[in-house]
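Below you'll find the structure, written out as structure tokens, and then a few comments.
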Amino acid sequence: MQIILFGAPGVGKGTQAKILSQKYNIKHISTGDILRDSVSRGTKSGIAAKEVMDRGDLVSDDLMGGLVKETLANMDYKTGFILDGFPRTIEQCKIMDSIFADLNITNPFFILLKADTEVIVNRLTQRRFCSKCEIIVNLNDIPNVNTCPNCGAVNSFIERMDDNAEVVRKRLGIYRDTTLPVIDYYQNKYKVAILNATDSVEVVTANIVKELI
Ligand code: AMP
């Protein structure tokens, strides 16, 4: 099963992708996570990407296309994968087309998660990662903003550099202008399921699962 998950930053793609990857035992490929890992390891691509990511811009299509190709080439892509964060530009769609053709992937599922801008801004600016157990939380949803509800660690939350309000608005502008045309591109070729992302995590998962049957 090959799933391509679309949606604005903060809409819950990462959360859903993790759940689906466990449910179907398929690899979760998040281009944002791959880049953040490269940044933390100080690789050449990480050093090149860091500044671009921190200001909320998109990393070059060539770099991203190369990373996705390399990731798929080094895994059992036939078993399945869930791609989160790629393609984000029409140029990346063309790279994806050539990857589909090379790997003989003919029937991927396309899922678009949608939510209003204000919901997304609120989610992103309140989003934190626990540095101990790596769970993602929303400060509005947990009883104590200093304590991780998953592992109990105190003062372990980290905010992503690109989750401050100004950068979030920039990322949403780029999504609207550059990434939304990607949906039209695919709607002309495949079925794209459009789902409401403001339901609870469980309901959104159940709605995605219905589309995958
Ligand atoms: P994400 O975690 O998906 O929100 O991605 C974080 C940042 O990584 C984005 O704001 C971009 O700077 C960069 N990034 C991730 N995926 C892509 C992509 N497909 N194309 C260009 N930049 C990307």
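Could you state how much accessible area ASP61 has, in square angstrom rounded to the nearest 10, with a 1.4 Å probe and all protein chains kept in place?
ASP61 exposes around 40 Å² with every protein chain in place.
Of all alpha-carbon pairs in region 1-83, indicate the percentage at a distance above 15 angstrom.
Values: 2052 of 3403 pairs.
Looking at region 1-83, the distances longer than 15 Å represent 60 percent of pairs.
Helix 90-103 against the longest principal axis of the chain: what's the angle in degrees, Cα atoms only, rounded to the nearest 10?
60 degrees
Please give the helix 44-54 orientation as an angle from the longest Cα principal axis of the chain, in degrees from 0 to 90, rounded to the nearest 10.
The helix 44-54 is inclined about 60 degrees to the chain.
Would you kindly give the portion of the calculated P(r) for region 119-175 that falls above 14 Å, as a percent of all Cα pairs?
Within region 119-175, distances greater than 14 Å cover 51 percent of Cα pairs.
Kindly provide the pair-distance distribution of region 115-213 built from C-alpha pairs, with 10 Å bins from 0 and whole-percent values in order of increasing distance.
13, 32, 36, 16, 3
Share of region 1-61's accessible area from carbon and sulfur, percent, 1.4 Å?
In region 1-61, the share of accessible area belonging to carbon and sulfur is 51 percent.
Contact order normalised by length for the chain, with contacts defined as Cα pairs under 8 Å and 6 or more residues apart; what percent is it? If you can, show how the numbers build up before the last one.
Values: 293 pairs, mean separation 61.2, N = 213.
Averaging sequence separation for qualifying contacts and normalising by length gives 29 percent for the chain.
Under 29 Å between alpha carbons, and skipping anything fewer than 8 positions from LYS78 in its own chain: which lysines qualify?
The reachable lysines, counting only those whose Cα sits under 29 Å from LYS78, are LYS13, LYS18, LYS23, LYS27, LYS69, LYS94, LYS114, LYS189, LYS191, LYS210.
If each DSSP helix of 4+ residues adds -39,500 (n - 2.57) and the sum is divided by the residues in the chain, what number results at 222 nm, nearest 500 deg cm²/dmol?
Working: 9 runs with 100 residues, N = 213.
Result for the chain: -14500 deg cm²/dmol, rounded to the nearest 500.
Considering the convex hull of the alpha carbon atoms of region 158-211, report its projected area averaged over all viewing directions, in nm², one decimal.
5.3 nm²
For the chain, I need the span (max minus min coordinate) of the C-alpha atoms along each principal axis, in Å, sorted largest to smallest.
49, 41, 33
Rolling a 1.4 angstrom probe over the protein heavy atoms, how many square angstrom per residue are accessible across region 28-152?
With the other protein chains kept in place, region 28-152 gives 51 Å² per residue.
Please report the carbon-and-sulfur percent of the accessible area for region 67-176; probe 1.4 Å, protein heavy atoms only, DNA, RNA and ligands left out. Before the final figure, lay out the partial values.
Details: 2760 of 5820 Å².
On region 67-176, the fraction of accessible area on carbon and sulfur atoms equals 47 percent.
Under 17 Å Cα to Cα from LYS170, which lysines show up? Leave out anything in the same chain fewer than 8 places away.
LYS50
The values are calculated or read from the model by the stated rules, or taken from the named source; none is laboratory data. Here the structure is a predicted model, which is why all the values come from computation and not from measurement. These area figures cover heavy atoms from the full protein model, side chains too; ligands, DNA and RNA do not enter into them. Shrake-Rupley method; radii C 1.70, N 1.55, O 1.52, S 1.80 Å.
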